[in-house]
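Have a look at the structure below, then the notes.
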Amino acid sequence: MNDLRVTLVQGDTRWHDPAGNRDYYGRLIAPVHGHTDLVLLPETFTSGFSNDAISQAETMDGPTVAWMRAQARTLNAAVCGSVQLRDSDAIYNRLLFVMPDGDLRSYDKRHLFRYAKEHERYAPGRERLTVEWRGWRICPLVCYDLRFPVFSRNRFDLERPGALDYDLLLYVANWPSPRAYPWKTLLRARAIENLCYVAGLNRVGRDGNGLDYSGDSAVIDFLGHPVSECADEEVVVTTTLQAKELIAYRERFPAMLDGDRFSLD
């Protein structure tokens with residue numbers, strides 16, 4: 001493992017404006033060319049978190065997937081964010097992890113936000129995703145998934161002796177400011193319990209439903225300490241994750257060896 005540069009793009013997503021959001025986020029990330037390995041965009045970054053926007057849901061052949069491939073190629077970095085996508089007869093809140101060579105991996109949000117009736121409009125995903133990127137094993141998840149530690153649990157990989165499932169846990173989100181304290185607390189908890197780095201990327205501004213977002217995006221280390229933290233403004237910040245420090249900590253404090261074995265239905 002080499003060090004990994006992760007860029008948090010904490011933006012004010014335009015409401016129901018996919019083309020406008022692609023232009024907006026494209027301008028924000030252009031300056032990080034050559035200075036990052038992984039770019040994180042918010043949950044539903046082309047529309048905002050809206051049940052009504054499903055009428056605009058694209059397919060995997062649509063303009064946003066093509067845009068993400070172009071951005072990854074131009075930046076020579078992976079680009080990750082979630083989009084409302086139609087697949088057959090269902091619509092998913094689908095996280096896309098796109099690499100510079102055009103390779104694309106996806107994860108459909110498993111835990112749909114019942115409080116906002118997301119479960120009535122979207123189909124749930126089932127399988128967790130792990131991506132290998134520049135020597136790191138990465139597990140990307142979406143917003144409400146943060147509240148469910150069993151699904152994100154970092155398990156000792158029996159097929160790779162001495163290894164855990166992942167080294168970096170990602171959350172892309174639209175997490176409103178009234179629940180900012182749980183957001184900040186749970187990011188730290190996930191890092192500590194899973195012996196990994198955690199990057200949480202949230203949006204700012206006010207959406208079309210009148211909800212305010214305070215950002216609070218952060219990169220947290222394996223001890224629960226913030227490596228970088230954002231406030232409540234539009235910002236693009238790049239943080240370098242230290243591979244040697246992570247490896248040394250796991251060797252010094254191998255709590256994963258005492259972890260419980262389990263499987264998920």
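The values are calculated or read from the model by the stated rules, or taken from the named source; none is laboratory data. Source: prediction; values computed, not measured. Here the Cβ positions follow ideal geometry from the backbone for every residue, glycine too, while neighbour counts run over all protein chains shown.
Can D12 be described as modelled with pLDDT of 95 or more and either of a type in the set (S, T, Y) or touching a helix residue (DSSP H, G or I) at 6+ places or on another chain (Cβ under 6 Å) (or both)? Spell out the reasoning first.
Details: modelled with pLDDT of 95 or more: yes; either of a type in the set (S, T, Y) or touching a helix residue (DSSP H, G or I) at 6+ places or on another chain (Cβ under 6 Å) (or both): no.
So D12 fails the test.
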Q) Across the range 227-248, what is the number of residues that are surrounded by fewer than 18 Cβ atoms within 10 Å (Cβ to Cβ) and farther than 23 Å from R134 by Cβ? A) 6
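Of all residues being assigned to a strand (DSSP E or B) and among the small types (G, A, S) in the range 77-90, which is farthest from the chain's Cα centre (by Cα)? Just the residue, please.
Kept after step one, since they are assigned to a strand (DSSP E or B), are these residues of the range 77-90: 78-87, 90.
Cutting the leftovers down to among the small types (G, A, S) gives us 78, 81-82, 90.
Values: A78: 12, G81: 6, S82: 8, A90: 22 Å.
If we take residues in the range 77-90 being assigned to a strand (DSSP E or B) and among the small types (G, A, S), then A90 is farthest from the chain's Cα centre (by Cα).
Which residue is nearest to V6 (Cα to Cα), if the candidates are limited to the range 92-137 and must be in a loop (DSSP other than H, G, I, E, B), among the basic types (K, R) and touching a strand residue (DSSP E or B) at 6+ places or on another chain (Cβ under 9 Å)?
To start, the set of residues in the range 92-137 that are in a loop (DSSP other than H, G, I, E, B) comprises 99-103, 109-113, 117, 121-130, 134-135.
Next cut, among the basic types (K, R) only: 109-110, 117, 121, 126, 128, 134.
Filter once more, keeping what is touching a strand residue (DSSP E or B) at 6+ places or on another chain (Cβ under 9 Å): 109-110, 121, 126, 128, 134.
Working: K109: 22, R110: 24, R121: 32, R126: 27, R128: 21, R134: 12 Å.
Looking at residues that are in a loop (DSSP other than H, G, I, E, B), among the basic types (K, R) and touching a strand residue (DSSP E or B) at 6+ places or on another chain (Cβ under 9 Å), I get R134.
Could you tell me whether any residue of the range 58-76 is assigned to a strand (DSSP E or B) and modelled with pLDDT of 95 or more? Can you show your working first?
Residues of the range 58-76 assigned to a strand (DSSP E or B): 58.
After this cut, where a residue has to be modelled with pLDDT of 95 or more as well, the list is 58.
Yes, there is a match, as at least one residue in the range 58-76 is assigned to a strand (DSSP E or B) and modelled with pLDDT of 95 or more.
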Q | Pairs, first of a type in the set (G, A, S) in the range 180-198, second crowded, with 17+ Cβ neighbours inside 10 Å, C-beta under 8 Å, six or more apart | A | A180/S214; A180/D216; A191/L169; A191/Y197; A191/V198; A191/I220; A191/D221; A191/F222
Q) Looking at the range 188-213, which of the residues that are crowded, with 21+ Cβ neighbours inside 10 Å and polar (S, T, N, Q) is farthest from D167 (Cα to Cα)? A) N202
Q) Which of (1) of a type in the set (A, V, I, L, M); (2) over 24 Å from L169 (Cα atoms); (3) free of Cβ contacts under 8 Å to residues at least 60 places away in the same chain is the odd one out, the single condition I54 does not satisfy? A) (3)
**Q.** Among the residues listed as S263, S228, the single one being in a strand (DSSP E or B) and not aromatic (F, W, Y)
**A.** S228
